[in-house]
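The values are calculated or read from the model by the stated rules, or taken from the named source; none is laboratory data. The structure presented is a predicted model; accordingly, all values stated were derived computationally and were not measured. Cβ placement follows ideal geometry from the backbone for every residue including glycine, while neighbour counts extend to all protein chains displayed.
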Amino acid sequence: MITAIVGINWGDEGKGRMVDLLSSDYDIICRYQGGNNAGHTVINDKGKFILNLLPSGILRDNTVNVMGGGMVIDLEHLCGEISALRSKGVKITPETLKISDKAFVCMPYHKQQDILEEDRLAEKKYGSTRRGIAPAYGDKYLKKGIRMGDLLSPDKLAEKLADIVEWKNITLGGYGEERVKLESMMEWISEFSEPLLPFITDTTIYLTKAVENGKNILLEAQLGALRDIDYGIYPYTTSSHTLAAYGPAGAGIPGAKVDCVIGIMKAYSTCVGEGPFTAELFGEEASALREAGAEYGAATGRPRRVGGFDVVASRYGVKMQGADFLALTKLDVLSYLDRIPVCLAYEIDGERCESFPTGERLVKAKPVYEYMDGFKTDISGCRKPEDLPEKAMEYIRYIEGAVGCPIRYVSVGPGREDYIEVK
Ligand code: GDP
């Protein structure tokens, strides 16, 4: 059985905590795309963890975690993440963590290039996390880079890197920047690859066998549908495929079919970085929601832009992900509101629009807001549907109908057990 847990919105929906909750039913948890540009926050009996690269299953005993070939990996960051987890008592061994030999290495010069380009763009910037992810994916498709498997052959690696550094200096030259030094890149690689070597393997062989043996595999996405490089709000997207359809390919089993897609959708909207965000609220209404939901980026600490639940974007996200059912997260955050704002439709050039637009039409879209009755009760202690106030249940049922997909879980707090199964 292969299940994908994916984001319906712009990311930060609370995927990490849902993977942490649901991973107990799975033997193997795979990350299939992205790098350390986003973070999952997981709070459980072992403490609070922020995971940027490692699959969330790493916090469970008896699960194998795979970092798939669709990922880009900053070696230094991964070493730091592994050490931080080990210092909190999490066991990480080559039996519990397998890194694909096809994953692409995010080098210090990718980070440098990301920063230089965002600074050059100034007011027109994309809102990158400046962690080198877009330049790394760019180089991957230009076929100018190092894959994790290359780290296992240091002699050949030096030769490859020399050529890449020469080319990189030609491209970075336009910024008037100091040249990338081959020697310091080699030093960086040898320092931070050494602890990772035991984990590097052909994850396709491993996962293919696992599928044949009927193992339960969970594919864990980073970010959400609206950040997909092709189907999201391009160019304010990430540089990889966040959709469930890419999950098996990015993990290492391109021929396998996903049996079940679980979409994680937030009870309101948030967006980090630049780009069109139609449902955005401003002023006091926005600050109150941001504070109530503690909406600051896990990877960067940046305040997130916030808005009411966006029916148009979420319905599109549900469709693009092919979600079988949904988990609605952070419903407890809305309990302070007398009236809950819901963005029902967009208005573009004076016309009402209910399907998610692209390009300039999306940029021009204005939100059509309506308000639903608030439930005005602390619901963080609720564990059964009948514990929920009627107005909260009405909100859940309304959203379910509006996006056209059943909601199975509702989360009411950040802890592992703070959720309700509603179906
Ligand atoms: P992810 O990248 O999709 O995993 O999302 P993040 O981890 O960036 O954001 C989710 C944040 O919301 C984390 O700080 C979680 O601890 C917190 N969180 C998750 N579910 C809930 C919930 O139901 N209620 C509240 N109040 N916080 C939650």
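Among the residues of region 63-96, the one identified as hydrophobic (A, V, I, L, M, F, W, C) and either free of Cβ contacts under 8 Å to residues at least 12 places away in the same chain or assigned by TED's automatic domain parsing to the domain that holds GLY173 (or both) is ALA84. Yes or no: ALA294 in the same structural domain as ALA392 (by TED's automatic domain parsing), free of Cβ contacts under 8 Å to residues at least 24 places away in the same chain and either assigned to a loop (DSSP other than H, G, I, E, B) or surrounded by 18 or more Cβ atoms within 10 Å (Cβ to Cβ) (or both)? Considered against the rule, which asks whether it is in the same structural domain as ALA392 (by TED's automatic domain parsing), free of Cβ contacts under 8 Å to residues at least 24 places away in the same chain and either assigned to a loop (DSSP other than H, G, I, E, B) or surrounded by 18 or more Cβ atoms within 10 Å (Cβ to Cβ) (or both), ALA294 comes out as yes. Residue pairs whose Cβ atoms lie under 8 Å apart, sitting 6 or more positions apart in sequence or on different chains, and linking a residue in region 37-49 that is farther than 17 Å from GLY80 by Cβ and more than 10 Å from the ligand (Cβ to nearest atom) to a partner that is at pLDDT 80 or above and hydrophobic (A, V, I, L, M, F, W, C), are ASN44/LEU59; LYS46/LEU59; LYS46/VAL90. Among the residues of region 1-34, those identified as outside any loop (DSSP other than H, G, I, E, B), within 13 Å of the chain's Cα centre (by Cα) and among the aliphatic types (A, V, I, L, M) are ALA4, ILE5, VAL6, MET18, VAL19. Scanning region 54-84 for residues that are assigned to a loop (DSSP other than H, G, I, E, B) and in contact with a strand residue (DSSP E or B) (Cβ under 9 Å, 6 or more places away or on another chain) yields LEU54, PRO55, ARG60, THR63, GLY68, GLY69, GLY70, ASP74. A count restricted to region 85-103 and to residues that are part of a helix (DSSP H, G or I) and of a type outside the set (Lys, Arg) stands at 2. When TYR141, TYR137, TYR109 are checked against the criterion of being in contact with a strand residue (DSSP E or B) (Cβ under 9 Å, 6 or more places away or on another chain) and hydroxyl-bearing (Ser, Thr, Tyr), TYR137 stands alone in meeting it. Of the residues making up region 211-255, those that are of a type in the set (Ser, Thr, Tyr) and either within 15 Å of the ligand (Cβ to nearest atom) or in a strand (DSSP E or B) (or both) are THR238, SER240, THR242. In a residue-by-residue description of region 322-339, the property of being aliphatic (A, V, I, L, M) and touching a helix residue (DSSP H, G or I) at 6+ places or on another chain (Cβ under 6 Å) applies to at least one position. Give me the residue from region 282-320 that is at pLDDT 95 or above and polar (S, T, N, Q) and, out of that set, farthest from the ligand (Cβ to nearest atom). Restricting to residues being at pLDDT 95 or above and polar (S, T, N, Q), the top hit is SER287. In region 330-340, the condition of being within 16 Å of the ligand (Cβ to nearest atom), among the charged types (D, E, K, R) and within 26 Å of THR237 (Cα to Cα) is met by at least one residue.
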